[in-house]
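Comments concern the structure below.
The values are calculated or read from the model by the stated rules, or taken from the named source; none is laboratory data. Note that the structure is a prediction, hence the values are computed from the model and not measured. Note that each Cβ is placed from the backbone with ideal geometry, even for glycine, and that neighbours are counted across all protein chains shown. All accessible areas refer to the heavy atoms of the entire protein, side chains included, with ligands and DNA or RNA removed. Shrake-Rupley method; radii C 1.70, N 1.55, O 1.52, S 1.80 Å.
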Amino acid sequence: MDPDVRTLLTTTRTWAVVGCSPDPNRDSHRIAALLKHRGFAVVPVNPTAGEILGERCYPTVADIPGEVDVDVVDVFRRSEAAGEHVDEAIARGARGVWLQLGVIDEDAAQRARDAGLLAVMDRCPAIELPRLATG
């Protein structure tokens, strides 16, 4: 298993889920719910929603109050929009960025790594969490 994947899934607590949908049929909603079920704190980020999964929703990562420690910025946006959220994660002082399946931005991932963040790209926690148990 990729060491960044293992570290982000085993040593972090709070995940800001960018592009989190209020629609329970959307992947972003299901993954946020899975993370919550697994004991992670989830901070939904969506400019058009007020609350998702019983959690206050924020329009951007920058709008999340400073007293909330954001460990991981999890990006459910198109690849061309991912870079701005990686930059928000860097500015926020997050420990890592997680770009979901199909979200690929090599330059943004490298910017994150250059800033000292862990970076996971084109992966899904729903697939990776069960792998932790098997090795």
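So which GluC sites (Glu not before Pro) in the stretch 1-108 are both in a DSSP loop and have at most 13 other Cβ atoms within 10 Å of their Cβ? Answer in residue order: Glu67.
Taking 0.36 nm per intervening residue step and subtracting the Cα-Cα distance, what contour gain separates Leu101 from Ala41 on full extension? All intermediate terms of the calculation are to be shown ahead of the outcome.
On the way: separation 60, 0.36 × 60 = 21.60 nm, distance 2.11 nm.
So the chain would gain 19.5 nm between Leu101 and Ala41.
With K and R counted +1 and D and E -1, the other residues having a Cβ less than 14 Å from that of Leu129 yield a net charge of +3.
As an exercise, use a Förster radius of 22 Å and the Cβ-Cβ distance of Asp63 and Arg131 to find the FRET efficiency, rounded to the nearest 0.05. All intermediate terms of the calculation are to be shown ahead of the outcome.
Working: r = 33 Å, r/R0 = 1.51.
Efficiency for this residue pair is about 0.10.
Counting heavy atoms of the protein chains alone, Ile104 has an accessible area of about 80 Å² for a 1.4 Å probe.
Would you pull out the residues with amide H under 5 Å of Tyr58's amide H, same chain only if 5 or more places away, H placed 1.01 Å from N? Amide H to amide H, under 5 Å and 5 or more residues apart or across chains, Tyr58 pairs with Val45, Asn46. Within the chain, DSSP assigns beta bridges of which about 10% are antiparallel (rounded to the nearest 5). Summary value for the stretch 1-103: 26 percent relative contact order, contacts being C-alpha pairs under 8 angstrom separated by 6+ residues. Under the combined filter of DSSP loop state and at most 15 neighbouring Cβ atoms within 10 Å, the stretch 16-46 retains these trypsin sites (Lys or Arg not before Pro): Arg26, Arg38. Among (i) 25, 20, 13; (ii) 19, 18, 14; (iii) 29, 22, 16, which one is semi-axes √(5λ) of the Cα gyration tensor in Å computed from these coordinates? Among (i) 25, 20, 13; (ii) 19, 18, 14; (iii) 29, 22, 16, the one derived from this structure is (ii).
Inter-part distance, the stretch 49-105 to the stretch 1-17, computed on C-alpha centroids, equals 14 Å. Estimated at 0.36 nm per residue, the fully extended path between Asp23 and Glu51 surpasses their Cα-Cα distance by 8.9 nm.
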